[in-house]
Every structure is written in structure tokens, then in C-alpha cells.
Amino acid sequence: RSPAAAVTDFDFRKYLELERAAESSEQFQQAMRYWSERCSDLPPGPRLPLPLSQDRAAIHSPRMTARRHQLPAARWAALRRGCADHGLTPSCVLGAAYAEVLARWSESPRMTLNLTQARRSEHHPSVPGMIGEFTNTILLGLDWSQGATFAERASNFAERLWTDIAHSDVSGVRVQREMARVTGQPVMM
């Protein structure tokens, strides 16, 4: 049997079936307990000033603008050295910078960000060869009032992110559904 034939025998539907079956594992149950405990402490999403936070349904013609900036190689190298000096990755520092901007605009320094994560569970030998959207969401609850300096806040961001990623068998969507079930209110992060 050729490797190509093996890939076509295993499709995304079967992948999802294996994902559902994994929900009975101890690892998944441990992650579910973690998020059940965290649900009570997760703050709402950033409360941005109007018109930034208006009801999405009221926006009939959304206008989005993509912004792009590339750091020169020397500045990128300096940023990487600075990150390493604080034991942080550039991804965590850039995520913390994003949270810093949101916290300054938001009505509260406590907020939950809904982050995407590439997550491809290798339940089957054919999974690495599959083409598809293998993303998960993580709810990252932050208290941006903790930490006197940006480096301290970035360190808190990274610590929370890595802890939450360790429990990412349960998606942020599932956590939001659980929160809505418990509170009886829709949860938007």
C-alpha cells in the first residue's frame, strides 16, 4: 500500500472522531478540571471605548485595515537579545505588547484574550500529512495591573500563556460554552 493511499484512507472526519474519543483520557479530564477552576476567575474580554466595542451586529459595513511593519535585522536581533536577557521569547514579548495596548485602551486592566494556537494532535500516523485548519483557541486571562515594568508584565504574560497551553486539550470555545452554561449568559471574549 502506498503512503498516498494511506493518507486518503484517513480524513478530517476521522480525525475529529479521534479528538472526541480523546475526551475520555485522563489528560483531557485534567485539562477540563483546570479550566473549570479557571472559569470563575476569567475576566471579560477587553472593554474598549465606543465605537471600538459596539455591538458587532450593529456594524453593517465593517472596515478593516491591515497594518504591516518589518523590523530591520539589527533591531530584530536587539529585540531577540533583550527577550533572551529576560528569559522570554519574541512571541511572548510581542503578545505582551499587544496586551499592553489593549490594557491602555480598555476600561479595566483585567481582561481575557482569545488567542489562536496551531494544534494538530497526532492521533494517527497519517495526521502529519493531512492538509487542513488545525487551530485551537486559548483563553488567556490577564491582570495587567500586576507588574511594575513591562518586562514584569511580559513575564507574567508568558507564565500564564505556558500554563494555559499545557491545558490546551480543552479549546477556548469549549471553555466559553461551559462558562455560558454555568452563568446562563453568552460569553464573548
**Considering residues of the stretch 76-126 that are touching a residue at least 12 places away in the same chain (Cβ under 8 Å) and acidic (Asp, Glu) only, the residue least open to solvent (accessible area, probe 1.4 Å)** = 100
**Message:** For the stretch 58-75: of the residues being farther than 17 Å from residue 98 by Cβ and of a type in the set (Gly, Ala, Ser), which is surrounded by the fewest Cβ atoms within 10 Å (Cβ to Cβ)?
**Reply:** 61
**Message:** Looking at the stretch 6-48 only, could you name the residues that are more than 22 Å from residue 99 (Cβ to Cβ), surrounded by 16 or more Cβ atoms within 10 Å (Cβ to Cβ) and of a type in the set (A, V, I, L, M)?
**Reply:** 7, 31, 32
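Just to be sure I understand, how many residues within the stretch 90-129 are more than 23 Å from residue 142 (Cα to Cα) and assigned to a helix (DSSP H, G or I)? Before you say what the answer is, go through the steps one by one.
Just the residues of the stretch 90-129 that are more than 23 Å from residue 142 (Cα to Cα), to begin with: 120-129.
From what is left, the residues that are assigned to a helix (DSSP H, G or I) are 127-129.
Residues in the stretch 90-129 being more than 23 Å from residue 142 (Cα to Cα) and assigned to a helix (DSSP H, G or I): 3 in total.
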**Prompt:** Taking interchain pairs and intrachain pairs at least six residues apart, which have beta carbon atoms under 9 angstrom, with the first residue in the stretch 162-189 and among the polar types (S, T, N, Q) and the second part of a loop (DSSP other than H, G, I, E, B)?
**Reply:** 168/119; 171/119; 176/186; 176/187; 176/188; 176/189
**Message:** Looking at the stretch 100-129 only, could you name the residues that are over 20 Å from residue 176 (Cα atoms), in contact with a helix residue (DSSP H, G or I) (Cβ under 6 Å, 6 or more places away or on another chain) and at pLDDT 90 or above?
**Reply:** 109
**Request:** Filter the stretch 131-159 for residues that are outside any loop (DSSP other than H, G, I, E, B) and open to solvent by 70 Å² or more (accessible area, probe 1.4 Å) and give the result.
**Result:** 135, 150, 152, 159
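Here's the yes/no breakdown for (1) outside any helix (DSSP H, G or I); (2) at pLDDT below 80; (3) not hydroxyl-bearing (Ser, Thr, Tyr):
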| residue | (1), (2), (3) |
| --- | --- |
| 13 | no, no, yes |
| 34 | no, no, no |
| 45 | yes, no, yes |
| 48 | yes, no, yes |
| 51 | yes, yes, yes |
| 70 | yes, no, yes |
| 84 | no, no, yes |
| 88 | yes, no, yes |
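The values are calculated or read from the model by the stated rules, or taken from the named source; none is laboratory data. This one's a predicted model, so the numbers in the text were calculated from it and none came from an experiment. As a convention, Cβ positions derive from the backbone with ideal geometry for all residues, glycine included, and neighbour counts pool all protein chains shown. When the accessible area is computed, the model is the full protein with side chains, heavy atoms only, and any ligands, DNA or RNA have been set aside. Shrake-Rupley method; radii C 1.70, N 1.55, O 1.52, S 1.80 Å.
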